[in-house]
Amino acid sequence: MSRILHRNARATPPVAVRGQGVYLYDRDGKQYLDGSGGAAVSCLGHGHPEVVEAMRRQAGSVAYAHTGFFTSEVAEELADFLIQRSPGLGKAYFVTGGSEAMEAALKIARQYFLERGEHKRKHFIARRQSYHGNTLGALAVGGNQWRRVQFEPMLIDAHHIAPCYPYRDQGDDESEFEYGQRIANELEEKIGELGAESVIAFIAEPVVGATAGALTPVPGYFKRVREICDAHGILLILDEVMCGMGRTGTLFACEQEGIEPDIAAVAKGLGGGYQPIGAMLMSDEIFSAIESGSGFFQHGHTYLGHPMSCAAALSVQKIVERDDLLENVRSAGASLKQALGEQFSEHPNVGDVRGRGLFIGLELVAERSTKTPFELSVPLHKIVKQQAMAAGLMCYPMSGTIDGQRGHHILLAPPYIIDHDHIDEIVKKLSLAIDETCREVSAA
Ligand code: PLP
């Protein structure tokens, strides 16, 4: 009997004992193709000897030095690496994951305005169907009803507007561009409702991951969002925890939108799973307000800037760049999306195949022509996951795609090193898992 509270309190998952390239192996020797990088984490695959060596070296020099006393060479080098390649950001703050990065983003945004004497600013605006983490601040700004509902009385006030979700919401009479402008303008309406002088920031994932299945923005949407934020003196916080660090084919997902955020959060692909790490990156303007104001960011954790995490992340990022893996993200991503599109072009239960780079979502429907979702009572996501694991494939299915309750999708986010054989394997195994799932559901 396991003494761990597992994600499913009634079951113990298989024991992972080895990882090699795009595969994980359990204690019984079963092989799983990591088609989702866990949760869009393992960008470099498993067991990369150079990353392991970088971690070993760091452990042998300095494994831990509290940031209240020291900085470290690896943390400084990682900050230089990220800032030099970032869309206009100036300083980095290293934490242990995505939720911590988002908490830090929320706090520094509020503190920025306090340093400027704008004490009335307290509101955050985000989008429905977004996910920003599970700590209370990050959960509050997240827009996924299912994750929020039981903690609602403990959450800070946050306001939500529509996601950019053309498959469901684009009108027949509007172009993609018109749809994007209409939906972005909801931000301006919300700011008007709350009063611009009381709003701190707008928060969004450039490509929505876990809760909506690789929802990509339509052209012009984020440009309009940036314009609105600027017009009202509101910060733009981009949550690139899942979609950043090369997952969509550029190091930062927002590069493809032609905009620069005031604050960005990155995590998963930063350390590629070799160590827990996330980062909050801020503009020079935000940093200057703090430097010339109180002089310190009123926040902190014991494991800020952990040298082992920074060493692993620096090694991962250098390899991704040296081996030009983002070129493979773009080309293998296009091949995978095309192969999935062809495989499921007539499938009655696959309504949409979408995404960018190696960040691909499939929306599952009960009826393709009407886009009708499966009944709420059907635990489709759980069955697909079981069937995929049985077939030797890790994928990341979720329910609540449409509104936090209705709808299902599967997210794929394989390592950046996948080749054509892996793509064929993903498509075959996923197809088998979806067909088995649909059979099981219709037989029930
Ligand atoms: N933000 C986004 C967009 C995420 O996808 C996630 C995790 O899935 C988080 C934040 C939270 O990150 P973590 O689970 O590392 O705390």
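Being touching a residue at least 40 places away in the same chain (Cβ under 8 Å), more than 16 Å from the ligand (Cβ to nearest atom), in a helix (DSSP H, G or I) and out of contact with any helix residue (DSSP H, G or I) (no Cβ under 6 Å at 6 or more places or on another chain) is the requirement here; does residue 197 meet it?
yes
Could you list all residues from the range 360-379 that are outside any loop (DSSP other than H, G, I, E, B) and in contact with a strand residue (DSSP E or B) (Cβ under 8 Å, 6 or more places away or on another chain)?
Within the range 360-379, 360, 361, 362, 363, 364 qualify.
When you scan the range 52-69, do you find a residue that is within 16 Å of the ligand (Cβ to nearest atom), open to solvent by 30 Å² or more (accessible area, probe 1.4 Å) and of a type in the set (A, V, I, L, M), even just one?
no
Do you know which residues across the range 166-198 are within 24 Å of the chain's Cα centre (by Cα) and open to solvent by less than 30 Å² (accessible area, probe 1.4 Å)?
Within the range 166-198, 179, 180, 183, 184, 187 meet the criteria.
Can you find even one residue in the range 228-244 that is within 15 Å of the ligand (Cβ to nearest atom), touching a residue at least 60 places away in the same chain (Cβ under 8 Å), buried (at least 24 other Cβ atoms within 10 Å of the Cβ) and of a type in the set (Asp, Glu)?
Yes - at least one qualifying residue is present in the range 228-244.
Anything in the range 145-165 that is outside any loop (DSSP other than H, G, I, E, B) and either of a type in the set (S, T, N, Q) or surrounded by fewer than 14 Cβ atoms within 10 Å (Cβ to Cβ) (or both)? List them, or say none.
145, 146, 149, 150, 151, 152, 153, 154
For the range 210-219, indicate whether the set of residues that are away from the ligand (no atom under 15 Å from the Cβ) and either open to solvent by less than 10 Å² (accessible area, probe 1.4 Å) or in a loop (DSSP other than H, G, I, E, B) (or both) is non-empty.
Among the residues of the range 210-219, at least one is away from the ligand (no atom under 15 Å from the Cβ) and either open to solvent by less than 10 Å² (accessible area, probe 1.4 Å) or in a loop (DSSP other than H, G, I, E, B) (or both), which makes the answer yes.
Could you list all residues from the range 113-144 that are more than 10 Å from the ligand (Cβ to nearest atom), in a loop (DSSP other than H, G, I, E, B) and open to solvent by less than 60 Å² (accessible area, probe 1.4 Å)?
Listed by number, the residues that qualify are 117, 118, 121, 129, 143, 144.
Residue-wise test of (1) in contact with a helix residue (DSSP H, G or I) (Cβ under 6 Å, 6 or more places away or on another chain); (2) crowded, with 24+ Cβ neighbours inside 10 Å.
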residue: 255; (1), (2): no, no
residue: 260; (1), (2): no, no
residue: 263; (1), (2): yes, yes
residue: 270; (1), (2): yes, yes
residue: 278; (1), (2): yes, yes
residue: 292; (1), (2): no, no
residue: 308; (1), (2): yes, no
residue: 312; (1), (2): yes, yes
residue: 337; (1), (2): no, no
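The values are calculated or read from the model by the stated rules, or taken from the named source; none is laboratory data. Being a predicted model, the structure only gives us computed values, none of them experimental. Neighbour counts run over all protein chains shown; Cβ positions are idealised from the backbone, glycine included. Each accessible area value is taken on the protein alone, full model and side chains, heavy atoms only, with ligands, DNA and RNA left out. Shrake-Rupley method; radii C 1.70, N 1.55, O 1.52, S 1.80 Å.
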